[in-house]
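These notes concern the structure reproduced below.
The values are calculated or read from the model by the stated rules, or taken from the named source; none is laboratory data. Quantities reported herein were computed from a predicted structural model and do not represent experimental measurements. Note that we place each Cβ from the backbone using ideal geometry, even for glycine, and neighbour counts take in every protein chain shown.
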Amino acid sequence: MRVEIDKRSGFCFGVIKTIKSAENELKTSDKLYCLGDIVHNEMEVERLKKMGLHSINREEYLQLKDCRVLIRAHGEPPETYEHAKKNNIELIDATCPVVLTLQEKVKGSYEKNKHLNGQVVIYGKKGHAEIVGLDGQVEKKAIILESIDDVNLIDFSRPVSLYSQTTKRVEDFYAIADKVKASMKPGVPLDIKDSICRQVSNRVPHLKQFAKEFDVILFVAGHKSSNGKYLHTICKEENSQTHHISKTSEIDPDWLK
């Protein structure tokens, strides 16, 4: 049996940066909180937990004082930082640079559009950590589109700044952008900002070719990972014998017969 690991597999640089930040902090402390799972990968979460990293939810965070909390790659809304200042919480900010730049752009569009009665529209998953952080930049007034069917939430008679969650599919974003463009009232400004992270989307051509070369693909990623779901779908489209797993216990021996 020939087994090969894709040489381009692994976490994106934003997640790697976050994990390194956690490891460095835990070298000098045996306890560090993380707002949400540091990465959607159960094995990595468990490894870091043994080192002293404790995942907490937002409600638990609001009860904390006088401690250290890691902000993961997805980023956070302004209220997270405000709570930290009021409660002597030291934040280790490991927000992905791509997400951080996007937060600044979204906030800039919101401030610019205020006097124009404009709208900030984001293609993404409601409740996803990155979307929560982005929506926080606009006082929770962003219009979130989960699919092309949601474009009717937009008022096409008012200016629109259109963004995307960094982990969405490029082709889906542009399908939405085209529909919005076709629906806008004549003369009303539309600013389309392709904010999808290319480190993920640039993997697609290679991944498609890789998937074709094997009888079976075991795609290893956390089941909650947006990047994982996207890239797994790409593999599945090229090779029907693609199986999404997060750990070895999920492997069905029959797949390999």
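Checking LEU190, LEU218 one by one, the residue that is in contact with a Pro (Cβ under 8 Å, 6 or more places away or on another chain) and without any contact (Cβ under 8 Å) to a residue 40 or more places away in the chain is LEU190 and no other. Looking at GLY127, GLY136, just one residue is among the small types (Gly, Ala, Ser) and surrounded by fewer than 20 Cβ atoms within 10 Å (Cβ to Cβ), and that residue is GLY127. Of all the criteria given as (1) of a type in the set (S, T, N, Q); (2) out of contact with any helix residue (DSSP H, G or I) (no Cβ under 7 Å at 6 or more places or on another chain); (3) surrounded by fewer than 18 Cβ atoms within 10 Å (Cβ to Cβ); (4) modelled with pLDDT under 95, the one not satisfied by GLN209 is (4). Look at the stretch 194-206: where a residue is of a type in the set (Asp, Glu) and a partner is modelled with pLDDT of 90 or more, sitting 6+ places away or on another chain with Cβ atoms under 7 Å, you get ASP194/SER164; ASP194/PHE173.
To keep it simple, each residue is scored yes or no on (1) acidic (Asp, Glu); (2) over 22 Å from HIS223 (Cα atoms).
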residue: ILE5; (1), (2): no, no
residue: GLY10; (1), (2): no, no
residue: GLU25; (1), (2): yes, yes
residue: ASP37; (1), (2): yes, no
residue: ASN41; (1), (2): no, no
residue: GLN63; (1), (2): no, yes
residue: GLU79; (1), (2): yes, yes
residue: ASN88; (1), (2): no, yes
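Scanning the stretch 21-32 turns up at least one residue that is of a type in the set (A, V, I, L, M, F, W, C), touching a residue at least 40 places away in the same chain (Cβ under 8 Å) and either buried (at least 18 other Cβ atoms within 10 Å of the Cβ) or in a loop (DSSP other than H, G, I, E, B) (or both).
Looking across the stretch 141-157, the residues that are more than 11 Å from VAL120 (Cβ to Cβ) and touching a helix residue (DSSP H, G or I) at 6+ places or on another chain (Cβ under 9 Å) come down to LEU145, SER147, ILE148, ASP150, VAL151, ASN152, PHE156.
For beta carbons closer than 8 Å, sequence separation of 6+ or different chains, a first residue in the stretch 229-257 that is without any contact (Cβ under 8 Å) to a residue 60 or more places away in the chain and surrounded by 16 or more Cβ atoms within 10 Å (Cβ to Cβ) and a second that is polar (S, T, N, Q) and assigned to a loop (DSSP other than H, G, I, E, B), there are no qualifying pairs.
The set of residues from the stretch 33-55 being assigned to a helix (DSSP H, G or I) and modelled with pLDDT under 90 comprises GLU42, MET43. What do you reckon, is VAL15 within 17 Å of the chain's Cα centre (by Cα), hydrophobic (A, V, I, L, M, F, W, C), surrounded by 16 or more Cβ atoms within 10 Å (Cβ to Cβ) and not in a loop (DSSP other than H, G, I, E, B)? Spelling it out, VAL15 is indeed within 17 Å of the chain's Cα centre (by Cα), hydrophobic (A, V, I, L, M, F, W, C), surrounded by 16 or more Cβ atoms within 10 Å (Cβ to Cβ) and not in a loop (DSSP other than H, G, I, E, B). Residues in the stretch 166-192 that are in a loop (DSSP other than H, G, I, E, B) and either within 13 Å of GLN119 (Cβ to Cβ) or over 22 Å from the mean Cα position of the chain (by Cα) (or both): MET184, LYS185, PRO186, GLY187, VAL188, PRO189.
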